[in-house]
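Note sheet for the following structure.
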Amino acid sequence: MKHSQGASQSSFVHKSLYDKLQDILCCRTLPNYYKRLDDTLEKKMMEIKRNPSRNINFKSIDSIIMKFPQFREGLKEIREIFEQYDEDSNGTIDNEELKKCLHAFEFSISDEEIDDLFSYCDMDENEGIQFKEFIVLVCLIYLLTDAPTSPNTKLKMCSPKIEATFNTIIEVFLFLDKNGVGKLKKKDVVKALNEASPREKSPSHITRSRFREMDWDKNGKVSFKEFLFSFIGWVGIDCDDEDHEE
């Protein structure tokens with residue numbers, strides 16, 4: 001795509017996203033093209049973990065739980081975007097509505113690539129993006145544009161509050177990823193859950209249950225997408241949905 005010399009910084013960001021998605025998702029004939037996106041996100045989390053300027057402020061799972069109200073507050077603005085493009089108000093954004101949304105926010109991304117993102121984030125495969133899945137999708141776009149590691153990178157869709165919320169969620173993942181491998185392993189999650197009170201360890205069935213909630217594909221490892229979808233539920237977005245419907 002051609003850009004004029006006077007193209008804005010945001011245009012550069014959107015082109016950057018296009019390039020990244022083009023590299024990752026262009027080959028639809030490959031049986032594992034979703035895995036390629038998983039691998040890219042894994043490398044991205046490893047890169048952020050290694051960033052010397054990145055500080056992890058969480059010391060225990062309790063310190064994360066204390067932040068839950070702030071997470072809920074920070075995600076409210078995404079709900080407004082979601083409801084704006086859920087044109088038939090059925091609680092899901094279909095493929096065409098998602099295309100309108102991403103094009104409205106000036107992402108230089110093809111319809112085919114949007115199709116891929118739609119399928120990748122449609123966790124329950126009901127052919128519609130629900131609110132939690134929409135949060136996951138927006139956060140993944142945020143990661144793919146290098147926004148967490150580039151202070152000058154801004155997305156038109158993300159307000160400072162949304163960016164701060166995404167950065168804190170990323171920090172939670174990094175806290176759980178003890179070895180910085182870009183995916184969560186059971187032993188690391190168990191260790192993190194017990195760090196607050198080593199002498200009062202969480203019952204093993206609770207730690208196993210938490211890990212199973214995240215490990216959607218049952219492969220013994222949790223990707224950032226799997227973690228994010230589960231974490232949103234722990235924060236209490238489901239409860240907010242029920243209140244909103246009333």
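The values are calculated or read from the model by the stated rules, or taken from the named source; none is laboratory data. Since the model is a prediction, treat every value here as computed from it, not as a measurement. Note that each Cβ is placed from the backbone with ideal geometry, even for glycine, and that neighbours are counted across all protein chains shown. SASA here: full protein model, heavy atoms, side chains in, ligands and nucleic acids out. Shrake-Rupley method; radii C 1.70, N 1.55, O 1.52, S 1.80 Å.
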Among residues of region 75-117 being touching a His at 6+ places or on another chain (Cβ under 7 Å) and buried (at least 16 other Cβ atoms within 10 Å of the Cβ), the residue farthest from Gly236 (Cα to Cα) is Ser108
So which residues in region 38-73 are open to solvent by less than 50 Å² (accessible area, probe 1.4 Å), of a type in the set (A, V, I, L, M, F, W, C) and more than 15 Å from Asn179 (Cα to Cα)? Leu41, Phe58, Ile61, Ile64, Phe68, Phe71
Based on what the data block shows, is Val181 open to solvent by 40 Å² or more (accessible area, probe 1.4 Å), in contact with a helix residue (DSSP H, G or I) (Cβ under 8 Å, 6 or more places away or on another chain), modelled with pLDDT of 85 or more and aliphatic (A, V, I, L, M)? yes
For region 160-175, indicate whether the set of residues that are open to solvent by 20 Å² or more (accessible area, probe 1.4 Å), farther than 26 Å from Phe211 by Cα, at pLDDT below 85 and part of a loop (DSSP other than H, G, I, E, B) is non-empty. no
Residues that are free of Cβ contacts under 8 Å to residues at least 40 places away in the same chain and outside any helix (DSSP H, G or I), drawn from region 176-187: Lys178, Asn179, Lys185
